[in-house]
1. Count, please, the residues in segment 68-88 that happen to be surrounded by 24 or more Cβ atoms within 10 Å (Cβ to Cβ) and more than 15 Å from E20 (Cβ to Cβ).
2. Can you find, within segment 44-54, the residue that is farthest from V99 (Cα to Cα) among those that are open to solvent by less than 10 Å² (accessible area, probe 1.4 Å) and not polar (S, T, N, Q)?
3. Answer yes if at least one residue in segment 395-406 is buried (at least 21 other Cβ atoms within 10 Å of the Cβ) and either of a type outside the set (D, E) or touching a Lys or Arg at 6+ places or on another chain (Cβ under 9 Å) (or both), and no otherwise.
4. Somewhere in segment 16-31, is a residue of a type in the set (K, R), assigned to a loop (DSSP other than H, G, I, E, B) and within 17 Å of E91 (Cα to Cα)?
5. Taking only segment 344-391 into account, find how many residues are among the hydroxyl-bearing types (S, T, Y) and over 30 Å from Q82 (Cα atoms).
6. Give the number of residues within segment 104-129 that are over 15 Å from V144 (Cα atoms), modelled with pLDDT under 95 and surrounded by fewer than 21 Cβ atoms within 10 Å (Cβ to Cβ).
7. Give all pairs with beta carbons closer than 6 Å in which a residue from segment 45-62 that is under 12 Å from G147 (Cα atoms) and touching a residue at least 60 places away in the same chain (Cβ under 8 Å) meets a residue that is in a helix (DSSP H, G or I) and open to solvent by 10 Å² or more (accessible area, probe 1.4 Å); count only pairs at least 6 apart in sequence or on separate chains.
8. Under 7 Å by Cβ, and 6 or more places apart or on different chains, what pairs join a residue from segment 350-375 that is farther than 15 Å from R30 by Cβ with one that is hydroxyl-bearing (S, T, Y)?
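The values are calculated or read from the model by the stated rules, or taken from the named source; none is laboratory data. Note that this is a predicted model, so its numbers are computed, not measured. All Cβ positions, glycine included, derive from the backbone under ideal geometry; neighbour counts span all protein chains shown. In case anyone asks, the SASA skips ligands and DNA or RNA and just uses the protein heavy atoms, side chains included. Shrake-Rupley method; radii C 1.70, N 1.55, O 1.52, S 1.80 Å.
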Amino acid sequence: MQLYEVKDISLAPGGHRKIEWVRHNMPLLRGLEEEFRKTKPFEGVKISLSVHLEAKTAYLCKVLAAGGAEMSVTGSNVLSTQDDVAAALAEEGMRVFAVHGASEEQYNDHIRRTLENGPNIIIDDGGDLVSMIHREMPELAGGVWGGCEETTTGVIRLKAMEKDGVLKFPMVAVNDAKCKHLFDNRYGTGQSVWDSIMHNTNLIVASKTVVVAGYGWCGRGIAMRAAALGAQVIVTEIDPVKAIEAKMDGYDVMTMADAAPKGDIFVTATGCEHVITGDHMLAMKEQAILSNAGHFNVEVDMNWLESHAEEKREARENIMAYRLPNGRWVNVIAEGRLVNIAASNGHPAEIMDMSFAVQALSALYVREHHKELDSRVIYVTEEIDRLVACRRLEAWGITIDTLSDEQEKYLNSWNV
């Protein structure tokens, strides 16, 4: 088996510096690294991982390797891989297959190579490893004890597989853990999306109208931060309950057709395809800015845009401008891919510290309990969620109240 395919192994020193920076700012993972180094819970276990391959993910890989895991690693988006970070992991002896800007063919080949180690545990972001096993490499399924899924889109795919009765091993919905989606999806996405948009456009957010498609936890965070920056926020939704929440949170709520001519900046965060269509784009203002915070580049209909635009040009680094048939120009950041990762550095280290602590502990749960788990989507245990929350508070130096025996009795009794 080939040991690695990275852009340039000599880039490793820069990657090591990035990893060391996030390590200093990820106390939960540091604690797990120390524990795993002593106990070696993954000794002899083969783990295949596909997550956005940048410094924070690399540190998760190092933590698992400290626990004895044989790591095989790739990225989950062709534009989110940082070549120096990939080189750093390869230099440390991990199997790494990831190159920034890889073609779709190369990307799929990297997924295959990452699975050639015959994994016992899968750590996925978007479901590409799991999908590849089920579509092309079913002979590997028998050796997979289970795995963990990082993101909303991947959990949606897994639940569809479970519903159709084709899922061959248990998968933990890490995304649905309280210590993941309540913080990573909301505060992580909220900050990192606007960090990317502001950096790449060099434009002010205050005074602009921002259209946020989807009011899940990611959409909540994006809308919250846009409003804090001084924008007028419009939310589009298909769920009536979420639409009510958005309205009560102070935002305008309408259809995308009604929002299209009003918005200056559009951010999709739905996990669905064709949220912004050609008809929507034709209704937009001159120089409207389009971006996507969902996992796959299908929320903005880029195929329509590429086939119908009369001209396109690079407006700025990471921004492509398209002249529509009506003569107006629209701008798309990062090819409609994950704007906060494909065109920036992703979530803050402290946020991913919580998410990746959940990942590491969920992988350990699979290691210890796989013989008793069914082939379905399972949820992170309350014990793991609580442990991660307590360690985060401890890292901040925060203590909280505990119930007295009398209070416990009161809360667990009906006859009071």
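1. Within segment 68-88, residues that are surrounded by 24 or more Cβ atoms within 10 Å (Cβ to Cβ) and more than 15 Å from E20 (Cβ to Cβ) number 11.
2. V45
3. Residues of segment 395-406 buried (at least 21 other Cβ atoms within 10 Å of the Cβ): none.
No, there is no match, as no residue in segment 395-406 is buried (at least 21 other Cβ atoms within 10 Å of the Cβ) and either of a type outside the set (D, E) or touching a Lys or Arg at 6+ places or on another chain (Cβ under 9 Å) (or both).
4. no
5. The total comes to 3.
6. Residues flagged as over 15 Å from V144 (Cα atoms), modelled with pLDDT under 95 and surrounded by fewer than 21 Cβ atoms within 10 Å (Cβ to Cβ) within segment 104-129 amount to 1.
7. Between residues of segment 45-62 that are under 12 Å from G147 (Cα atoms) and touching a residue at least 60 places away in the same chain (Cβ under 8 Å) and residues that are in a helix (DSSP H, G or I) and open to solvent by 10 Å² or more (accessible area, probe 1.4 Å), the close pairs are S50/D128.
8. Correct list of pairs: I351/Y187; Y365/T381.
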